[in-house]
1. Within the range 179-209, what residues put their amide N at less than 17 Å from the label point 7 Å along the Cα-to-Cβ vector of Lys161?
2. If I model a spin label as a point 7 Å beyond the Cα along the Cα-Cβ vector, how far apart are those points for Ser275 and Glu240 in nm?
3. Ordered by packing density, taken as the mean number of other Cβ atoms within 10 Å over each peptide's residues, highest first, how do 254-261, 112-119 rank?
4. Could you tell me whether the range 108-281 comes out rounded, prolate or oblate from its Cα gyration tensor? Rule is a ≥ b ≥ c as square roots of the eigenvalues, rounded for a/c under 1.5, then prolate if a/b exceeds b/c, otherwise oblate.
5. Just subtract the alpha-carbon distance of Glu261 and Ile193 from 0.36 nm times their residue separation and send over the number in nm, one decimal.
6. Which peptide among 159-168, 177-186 comes first, and what is the full order, when sorted by highest mean count of other Cβ atoms within 10 Å?
Amino acid sequence: MKHITQTRPGAVTVLLIALLAGLLLQGCSRNDRPTDMETPALPTATIAPFETELPPVTDPATQADTDIETDPRPEPETEAPAQPKTDVPVEPEPSVETDPPAEPTSDPAALTAPYADVLAEYLDLPNARFLLTDIDDDMVPEMILAPDSFHMAPAEVYTIKDGTAVQAGTAGGFGELLATHTEGLFATQERYISNYYIFYQLSDGTAQQVASFRDGPEDMQSEDVTYEIDGAYVTLEEYESRLKTYFTHEFRQLGHPDGWEVTRENIDGMLQDPSAFYALGRDYTPYIP
């Protein structure tokens, strides 16, 4: 009796047999499917076409160069070429007539007419005198009116402001004062116990006191000589120095001795010819200690 030796298959052989069996089973299962089954149709959506075209896709690598080279600012407008000149006449625009600016009056009588009303109030004073003179060199004469000529009678200074005669101030005694003809200065000069000077400045129709000087004894019982400027005691040297600054201007004596009587005839004569009543006054030598 022969022994038949039975060998065990190897692990590789078993694995191959298992793979073949699996493939056979898969093929059979596909052949067993019904052939008449239809695959249900999937619903489809209709996409409407874009109304506008999409911008072209640019390469990002070149986009930066494009952004740098493109200037977003609007191009400057260019001027239209100049048109050739033609011989068509251009009509001038109608001119608007305007009144010329008012010029200052050059009629001397018109400048001095306001003084007539002032003088009319002094017709009853037999010793009153008047004269015309230009103190501040503005081409408008001032009027010096001396109601009388006694010691305590000052001279009155009138000027024209806004077409009206106004009294700017009074100064002096005996109906006269000191005055310049260019600086608008006039002054009182008096010597009794002491020597006095009071200076005034004419401006804009009024006169303001600008300085006062006194030198000599303060009263009749005193023999001591003192010096004052604007009420303050000063030395002789300061007094002389300050007083001389005022007399660098030429002052002249004007007033009662130089004037004309206040009569209706002289008032009418002044209105007709003011220059006939101008006076420059007399020379004056100042007293300086």
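1. 184-186, 200-209
2. 4.5
3. 254-261, 112-119
4. Prolate, since a/c reaches 1.5 and a/b exceeds b/c.
5. 21.2 nm
6. So the order, starting with the most tightly packed, is 177-186, 159-168.
Quick note: the coordinates plus some simple rules give every number you see, no bench work behind them. This one's a predicted model, so the numbers in the text were calculated from it and none came from an experiment. Note that each Cβ is placed from the backbone with ideal geometry, even for glycine, and that neighbours are counted across all protein chains shown.
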